[in-house]
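Down below is the structure, laid out as C-alpha cells.
The values are calculated or read from the model by the stated rules, or taken from the named source; none is laboratory data. Note that this is a predicted model, so its numbers are computed, not measured. Note that each Cβ is placed from the backbone with ideal geometry, even for glycine, and that neighbours are counted across all protein chains shown. Each accessible area value is taken on the protein alone, full model and side chains, heavy atoms only, with ligands, DNA and RNA left out. Shrake-Rupley method; radii C 1.70, N 1.55, O 1.52, S 1.80 Å.
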Amino acid sequence: MRALNKDQARRDFLRLRREMTDADKANAASGLARLGLARAQELVPRGGTVAGYLSVGSEPGTGELLEGLCRAGYRVVVPVCEPGRRLSWCDWTPETVLAPGLHGSLLEPTGERFAAADLPELGLVLVPALAADSSGGRMGKGGGYYDRFLARLRADGNPAPAAAVVYDHEFVPAGSFETTPLDAAVDAVLTPSEWRQVPSEPMYT
C-alpha cells in the first residue's frame with residue numbers, strides 16, 4: 001500500500017466528513033462522550049485535568065464529552081491559539097464565555113491563560129485530527145500547533161497520554177498517509193466505537 005501525500009489525504013478525509021449526515025455526526029458524538037468519559041475515569045484521578053478542545057464544523061463532536069467530564073468532577077481546559085503557532089490553555093465549563101481568537105473564525109475562552117507547565121495535574125490530552133493510524137501517526141490540518149505542544153509536553157517530562165479523536169473510518173492502517181519526524185505521534189485513538197492504544201496490531205483490509 002502506498003501512502004497518500006498529506007494534501008491528497010486531507011482532501012479525501014475532509015470530503016468524507018462533508019458527506020456524513022447530521023444523524024451520523026450526532027451518533028458519533030454520543031459514542032465519543034460515552035467511551036471518552038469511561039477511559040478518562042480509568043486514566044485520570046477524580047479532580048484531575050483533561051485537555052480537550054471545542055470541535056467546529058464537521059469535526060467529531062466533543063461538546064457532550066466535555067460536559068460529561070465537567071459533571072464528573074474533572075477540570076477541563078481547552079486551547080487558545082497564540083502567535084508563533086503555540087497553544088495556551090484556558091479553563092472551560094458549559095458556562096464559559098467565548099470570543100473570537102487569533103483566528104477570527106474560532107471562538108476561544110476569554111479567561112486566564114496557562115502553559116502546560118502550569119497544569120501539573122494534566123492527565124489526558126484529547127487531540128483533534130483528520131485521521132490517525134495504527135502506528136500512532138496523526139494527520140492534523142497543517143498548522144503544527146499540536147505537534148509543537150506535544151513535543152514541548154514530552155520535553156517537560158509530562159507523560160499524559162495524547163489521544164487523537166476521529167470518526168471510525170478515519171482510523172486507518174499504518175502507512176496510509178505520509179508522516180514526517182516533526183509530526184508528533186499519539187498514544188491512543190478515540191473513535192465513537194472504541195478506544196485503541198497505539199501502536200497496535202497490524203490492520204488488514
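For P159, what charge total do you get from the other residues with a beta carbon under 13 Å from its beta carbon, if Lys and Arg give +1 and Asp and Glu give -1? Result for the local shell: -2. Around the Cα centre of the stretch 93-205, unit charges on the Cβ atoms of Lys, Arg, Asp and Glu (plus for the first two, minus for the last two) sum to a dipole of about 220 debye. Taking the charge dipole of the chain about its Cα centre, with +1 at Lys and Arg Cβ atoms and -1 at Asp and Glu Cβ atoms, the residue from S193, H169, A151 reaching farthest to the positive side is A151. Charge dipole (Cα centre; +1 on Lys/Arg Cβ, -1 on Asp/Glu Cβ; no other charges) of the chain amounts to roughly 300 debye. Between helix 6-18 and the chain, what is the angle of the helix's C-alpha long axis to the longest principal axis, kept within 0 to 90° and rounded to the nearest 10? Helix 6-18 sits at roughly 70 degrees to that axis. With contacts taken as Cα pairs under 8 Å and at least 6 residues apart, the chain reaches a relative contact order of 23 percent.
Accessible area per residue for the chain is 50 Å², calculated with a 1.4 Å probe on protein heavy atoms, without ligands, DNA or RNA. Among residues other than R86 with Cβ under 15 Å from its Cβ, the summed charge is -1 (Lys and Arg +1, Asp and Glu -1). For the Cα atoms of the chain, what angle does the longest principal axis make with the long axis of helix 145-155, in degrees from 0 to 90, nearest 10? Helix 145-155 and the main axis of the chain meet at about 70 degrees.
A run of the chain free of exposed loop cleavage sites, with GluC sites (Glu not before Pro) counted only in DSSP states other than H, G, I, E and B and at most 12 other beta carbons within 10 Å, reaches its longest extent at 113-193. Where in the stretch 120-150 is the amide nitrogen less than 20 Å from a point lying 7 Å along the Cα-to-Cβ axis of R86? Residues passing the 20 Å test: 120-122, 143-150. Each DSSP beta bridge with both residues in the stretch 56-205 is either parallel or antiparallel, and the antiparallel ones are about 60%. For the stretch 50-205, the carbon plus sulfur part of the accessible surface works out to 54%, probe radius 1.4 Å.
Here each label is just a point 7 Å from Cα along the line to Cβ, and for R11 and A99 those points are 3.9 nm apart. Bridges between two residues of the stretch 1-133, per DSSP, are antiparallel at a rate of about 60%. With a cut-off of 12 Å between beta carbons, the residues surrounding T179 carry a summed charge of -2, where Lys and Arg count +1 and Asp and Glu -1. Of interest is the spacing of the C-alpha centroids, which for the stretch 1-72 and the stretch 162-184 amounts to 14 Å. The shape of the stretch 140-205 can be summarised by an equivalent ellipsoid whose semi-axes, obtained from the alpha carbon gyration tensor, come to 21, 14, 11 Å from longest to shortest.
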